[in-house]
Amino acid sequence: GDLGSIDQRYDTAISTACTQLDYIVVESVKDAEMCVNYLRENKIGRATFIGLDKMAMHKTERMKNFKCPPGAKRLFDLVTIKDPKINDALYFALKDTLVANDIKEGTNIAFNSGMGNFRVVTLKGELVEISGVMSGGGRPKQGAMSDKIIEEFSDE
């Protein structure tokens, strides 16, 4: 989530639809393995890592000409990133998840667009899965991605 930014209007949507925003991006699977070993050896918790060297497999799908149904936007297209090398990792996390204004519109886009079925999240954080599973209610998730890109990270 720190590697990109999104308009705050979509904060709840992306925070709900993309749990992978808490994953840590590393250059390679080997780096991820070293990080996991470090965490285990120092007994400082667990984390999930995305090795960029394995994300290229998503490039073909990401580069396909994607057409949104009317009234929807693809969440992936709403994210601004500083470093294009994470595009495939971001696509891995979001795929072609669409954003709708509300649950009625989301359900309609998900199943009745005439363009196939889509995973849809609403601005309030309701989620409609292609399988027909729907979630929502309660307090929505927020804050997984800022509206500003973090320019630099400390070595710590």
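Read-outs throughout are calculated quantities, based only on the coordinates presented, and are distinct from any laboratory measurement. From a predicted model like this one, the values you see are computed outputs, not experimental measurements. Cβ coordinates were reconstructed from backbone atoms using ideal geometry, including for glycine residues, and neighbour counts include every protein chain displayed.
Some notes on this structure:
- Charge dipole magnitude, Cβ of K and R +1, D and E -1 - the range 28-142, Cα centre, debye nearest 20: 100
- Each Lys and Arg adds +1 at its Cβ and each Asp and Glu adds -1 at its Cβ; summed about the Cα centre, the range 18-59 shows a dipole of about 120 debye.
- Charge tally in the Cβ shell below 13 Å around ASN101, where Lys, Arg are +1 and Asp, Glu are -1, ASN101 excluded: +1
- Signed unit charges on C-beta, dipole axis of the range 64-156, positive-most listed residue PHE118, VAL79, GLY138: PHE118
- In order through the range 65-76: 3J(HN,Hα) via Karplus (6.51 cos²θ - 1.76 cosθ + 1.60), integer Hz, x for Gly, Pro: 6, 9, 10, 7, x, x, x, 10, 10, 7, 4, 3
- Residues of type aspartates and glutamates that LYS59 reaches as a straight line, Cα spacing below 12 Å, ignoring anything fewer than 8 places off in the same chain: ASP88
- Relative contact order (%) - criterion: Cα under 8 Å, at least six apart; region: the range 83-126: 39
- Between amide H atoms placed 1.01 Å from N, distances below 5 Å from ALA100 occur with VAL121, THR122, LEU123, all of them 5 or more places distant or on a separate chain.
- Bridge type composition, the chain - antiparallel percent by DSSP, nearest 5: 55
- Computed over the range 15-140, the Cα gyration tensor eigenvalues convert (square root of 5λ each) into semi-axes of 31, 18, 11 Å, ordered from largest to smallest.
- FRET E, pair MET115, ALA47, Förster distance 35 Å, beta-carbon r, rounded to 0.05: 0.40
- When the Gaussian network model of the chain links Cα atoms closer than 10 Å, the mean-square fluctuations of PHE111, PHE66, PHE49 top out at PHE66.
- Farthest toward the positive end of the dipole of the chain, out of SER15, LEU90, VAL128, is the Cα of VAL128, where the dipole comes from beta carbon charges about the Cα centre.
- Between the Cα long axis of helix 103-112 and the first principal axis of the chain there is an angle of about 80°, rounded to the nearest 10.
- Per-residue ³J(HN,Hα) for the range 121-135, Karplus 6.51 cos²θ - 1.76 cosθ + 1.60, θ = phi - 60°, Hz, x for Gly and Pro: 10, 9, 4, 8, x, 7, 10, 10, 8, 4, 5, x, 5, 10, 9
- Count Lys and Arg as plus one, Asp and Glu as minus one, and take only other residues whose Cβ is under 10 Å from that of ILE24; the net charge is then -3.
- Length added when fully stretched, VAL133-LYS85, from 0.36 nm per residue minus Cα-Cα: 14.0 nm
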